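Here's the structure we're looking at; comments come further down.
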Amino acid sequence: KADVGAEAFPNVERSAVDVAAAMISTARAARQGRLVVTAEELLRRTQLRSNFGAVSRAHPVDRELEVLRPSAVREIVDAATEISTLGGHLVLAGPPGQGKSWICQQVLDAMSEDGWLTAEHYCYLGDADGERNERVLLETVFGSLVGRLGTVDSSIIADQRPRFAADEEALEGCLRRSLARNPDRGVALVIDGIDHITRVRARMGDRFDPSKTLVEALAALDLPTGVVVIILSQPGTHLQPLDGVGAGTIGVAGLSKSELELLSARFNILPGSERQLRARRPLLEDAEGIARFVEALERRSSGNALYATYLCRETLRNAETMVDPADTVRNLPQFDGTLKNYYDHLYNSL
């Protein structure tokens, strides 16, 4: 139990007695020459999960639409580097659809290129995700982070005890072993979409806030020098536990005018994209029409990445009948900080 991790997440349903009996049976069969013991065979016979309960690795970013934001990413990486000198937390906050997941993936890529050991967990990929309910569990978040670290550097989980258990203590042990083996390599743990947890797990009339519970657990981690935990979330009271541990905060800015132009080019509304969605001429090519469209897009979206994406899709949907694409954008609701105006517009137009 103490060595293997039976009766602990993710093997909480495997009793220590049953696991011990399976190991004894396997040893007896090996002595009798009926099988060759391998790690895979032992795990199969004991029915133990060795992936620490990690969910499948995936991210919600559509690479065809993603707009690279190198200056914003560098600001975040620099802030994370400074915080890691003492070990600490960094919150990246922004309203819904602000492009936090875009930034998340780009920060991970940049830090990996800079030599950091990184591990990520996305709490939400969409309602169609088959692991939607598992992703928001506290145990799964820690298990996924341990699993990701072990995938990149198996040496930091080799001496872990219990071997297959995953919790806060296991994660802290991985961090200490990584820094002991490679003190010059920083470690970044990135958790995106914490605000989604309560929405997925919320029950009518329940005062329990699962998002805050996870934040409390993250705030309580004993982070050694060289480690930073980066949390991406919408603002809210669930983030308050991080105030008590001196977490840094960066507001995720909306897309700039030039970044909105790049997004429009991804949709082939404007020319100049290297990754256009359709192999055809762009919808707009004249300088005056382009300027009017970008101005309307900037005003209506306020730089919100998701809403700007919706506006581009609406523009293409009406491309056959519109006179001026800019008018299509102007006739749609203004971004209100929550996307409620747009969803009401869609509902009322059905």
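The values are calculated or read from the model by the stated rules, or taken from the named source; none is laboratory data. On a predicted model such as this, the values are computed, not experimentally measured, just so you know. Methodologically, a virtual Cβ is constructed for each residue, glycine included, from the backbone with ideal geometry; neighbour enumeration extends over all protein chains shown. Side chains included, ligands, DNA and RNA excluded: accessible areas come from the protein's heavy atoms. Shrake-Rupley method; radii C 1.70, N 1.55, O 1.52, S 1.80 Å.
The distance separating the Cα centre of region 288-325 from that of region 244-269 comes to 17 Å. Among the GluC sites (Glu not before Pro) in region 6-50, those placed in a DSSP loop whose Cβ has at most 13 other Cβ atoms within 10 Å are 13.
Could you tell me which of rounded, prolate or oblate describes the chain, using a ≥ b ≥ c as the square roots of the eigenvalues of the alpha-carbon gyration tensor, with rounded for a/c under 1.5 and, failing that, prolate when a/b is larger than b/c and oblate otherwise? Don't jump to the answer; show the numbers that get you there.
Working: a/c = 2.22, a/b = 2.04, b/c = 1.09.
Note, shape of the chain comes out prolate.
Taking the Cα centroid of region 1-69 and of region 84-157, what is the distance between the two, rounded to the nearest whole Å? Between the Cα centres of region 1-69 and region 84-157 lies a distance of 22 Å.
Neighbours of residue 336, meaning other residues whose beta-carbon lies under 12 angstrom from its beta-carbon, give a summed charge of +1 when Lys and Arg score +1 and Asp and Glu score -1.
Which value, in nm² and rounded to one decimal, describes the direction-averaged projected area of the C-alpha convex hull of region 1-147?
Result: a mean projected hull area of 12.6 nm².
The angle separating the long axis of helix 287-301 from the principal Cα axis of greatest extent in the chain is about 50 degrees. Here the Kirkwood formula, the inverse mean of 1/r across different C-alpha pairs, assigns region 115-211 a hydrodynamic radius of 14.5 Å. Near residue 5: Cβ cut-off under 15 Å, other residues only, Lys/Arg at +1 and Asp/Glu at -1. The net charge is -4. Accessible surface calculations at 1.4 Å, restricted to protein heavy atoms, place the chain at 49 Å² per residue. Under the criterion of Cα pairs below 8 Å and six or more residues apart, the relative contact order for region 117-175 equals 33 percent. Packing here is the average count of other Cβ atoms within 10 Å per residue, and on that basis the peptides 283-294, 216-227, highest first, run 216-227, 283-294.
Which value, in debye to the nearest 20, gives the size of the charge dipole of the chain about its Cα centre, when Lys and Arg are +1 and Asp and Glu are -1 at the Cβ?
Details: 40 positive and 49 negative charges, 225 e Å.
I would put it at about 1080 debye.
Positive contributions from Lys and Arg (+1) and negative ones from Asp and Glu (-1), summed over other residues with Cβ under 12 Å from the Cβ of residue 111, come out at -3. To the nearest 10 degrees, how steep is helix 16-31 against the longest Cα principal axis of the chain, on a 0 to 90 scale? The helix 16-31 is inclined about 70 degrees to the chain.
Ignoring any ligand, DNA or RNA, what whole percent of the accessible area of region 123-163 comes from carbon and sulfur when the probe is 1.4 angstrom? List each step's numbers first, then the result.
Details: 790 of 1750 Å².
Within region 123-163, the accessible surface is 45 percent carbon and sulfur.
Each 5 Å bin, from zero up to the one with the longest distance, holds this percent of the alpha carbon pairs of region 220-350: 2, 9, 17, 18, 14, 10, 9, 7, 7, 5, 2, 1, 0.
Starting from the eigenvalues of the Cα gyration tensor, five times each then square-rooted, give me the equivalent ellipsoid semi-axes of region 154-277, largest first, whole Å.
Working: eigenvalues 231, 114, 46 Å².
They are 34, 24, 15 Å, listed from largest to smallest.
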